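Down below is the structure, laid out as structure tokens.
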Amino acid sequence: MGIAKIIDGKKIAADFCQNLAEEIQKNHISPKLAVILVGDDPASLIYVKNKQKKAQEVGVVVETYHLSGMSSERMILELIDELNKRTDVHGILLQLPVPIHLNPQTLIERIHPDKDVDGLHPVNVGRMMSKIPTLIPCTPMGCLYLIKQIPVPLVGRRAVVVGRSALVGRPLAYLLLQEDCTVTQAHSKTVHLDKVCSQADILVTAVGVPHLIGANAVKKGAVVIDVGINRLDNGEITGDVDFKAVQNIASYMTPVPGGVGPMTVAMLLFNTFKAAQNQIKKGLNIMPYKS
Ligand code: NAD
């Protein structure tokens, strides 16, 4: 029995970032991303650190606003207003999740759509659904980029996306539909999940349940993209897919870690670059080149 080829997200993201760095240099712009982190969620602290490190390598400047977990909605809205006004800030990212006393939607809707590098503002969601070029959520865009690296045509293929969050599952299902896949969206209330998944030529899981997807849920030769990030009791990081059980069935698979994660960061930097380009084109901000 064959063993699935690994889609090396780390390497693909590194190549993507190298090209992006060259593109930023060529365009003589200095994209700046403001990251708002509220509280001390350990995973969020690691994600923000990763983003800062990668951004620096690519030539995107990051300003991090690490606020107390007790911060009021009003205080954060005021910060967003200030960042919206600043012509040297091109992208604003609110690190999710935010503490329970805050409504993430209220905060997201305050970010100017042109600076919404997470693509979560209703204006950007609406533009995406209307096929108007816009800022698209980073993880779905990263998944699609990975899928497009492998020699598998998408047109007419059956895709199953497990998960329906605004951040990952829903926009990803839409992007696959745009690629002419026949898309099924599965979720926590889906009956016979394994059976639904086992029909997929392209199976993407964005759930957050370790080993949810086993051998019974995968069709022979399927492409399996695992978005899930789960920390086990022993500290190990794993995805939603039982990697060992599925690797003899799938044709291509992403590992966790080292699959979708690095691509998400790469796409965030890409969106920041696009946002900067767009704002410069609109005449909102002409930044001199910084060497
Ligand atoms: P979420 O909690 O907002 O959504 C989870 C989705 O899974 C829901 O739509 C729910 O209906 C579905 N679900 C829950 N239990 C299920 C079950 N038993 N069977 C089928 N569906 C089920 O989470 P999210 O923000 O979409 O993230 C999902 C996972 O992806 C998490 O593990 C998260 O850490 C990870 N994630 C990874 C990246 C990355 O860059 N790799 C980015 C974002 C999220």
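Tabulated values for the structure
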| item | result |
| --- | --- |
| Condition met for Ile108 (in a helix (DSSP H, G or I), over 30 Å from Lys26 (Cβ atoms), under 18 Å from the mean Cα position of the chain (by Cα) and not hydroxyl-bearing (Ser, Thr, Tyr)) | yes |
| Sole residue being under 15 Å from the mean Cα position of the chain (by Cα) and not aromatic (Phe, Trp, Tyr), chosen from Pro97, Pro122 | Pro97 |
| Some residue of region 250-269 being modelled with pLDDT of 95 or more, among the hydroxyl-bearing types (Ser, Thr, Tyr), touching a strand residue (DSSP E or B) at 6+ places or on another chain (Cβ under 7 Å) and within 14 Å of the ligand (Cβ to nearest atom) | yes |
| Exclusive hit being over 14 Å from the mean Cα position of the chain (by Cα) and touching a residue at least 12 places away in the same chain (Cβ under 8 Å), set Val191, Val160, Val168 | Val160 |
| Check on Gly221, surrounded by fewer than 19 Cβ atoms within 10 Å (Cβ to Cβ), within 20 Å of Lys195 (Cα to Cα) and away from the ligand (no atom under 14 Å from the Cβ) | yes |
| Where a residue in region 31-42 is in contact (Cβ under 8 Å) with a residue 60 or more places away in the chain and its partner, wherever it lies, is of a type in the set (Gly, Ala, Ser), with Cβ under 6 Å and at least six apart | Pro31/Ala276; Leu33/Gly91; Val38/Ser71; Gly39/Gly69 |
| Subset of region 194-218 [buried (at least 18 other Cβ atoms within 10 Å of the Cβ) and either within 13 Å of the ligand (Cβ to nearest atom) or among the aromatic types (Phe, Trp, Tyr) (or both)] | Cys197, Leu203, Val204, Thr205, Ala206, Val207, Pro210, Leu212, Ile213, Ala217 |
| Region 163-182, residues that are closer than 11 Å to Val204 by Cα and more than 10 Å from the ligand (Cβ to nearest atom) | Ala173, Leu176 |
| Of all residues in region 206-231 being in a loop (DSSP other than H, G, I, E, B) and among the charged types (D, E, K, R), the one that is nearest to Gln185 (Cα to Cα) | Lys219 |
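The values are calculated or read from the model by the stated rules, or taken from the named source; none is laboratory data. Predicted model only: the values in this text are computed from it and were never measured. Note: ideal-geometry Cβ built from the backbone for every residue, glycine included; neighbour counts use all protein chains shown.
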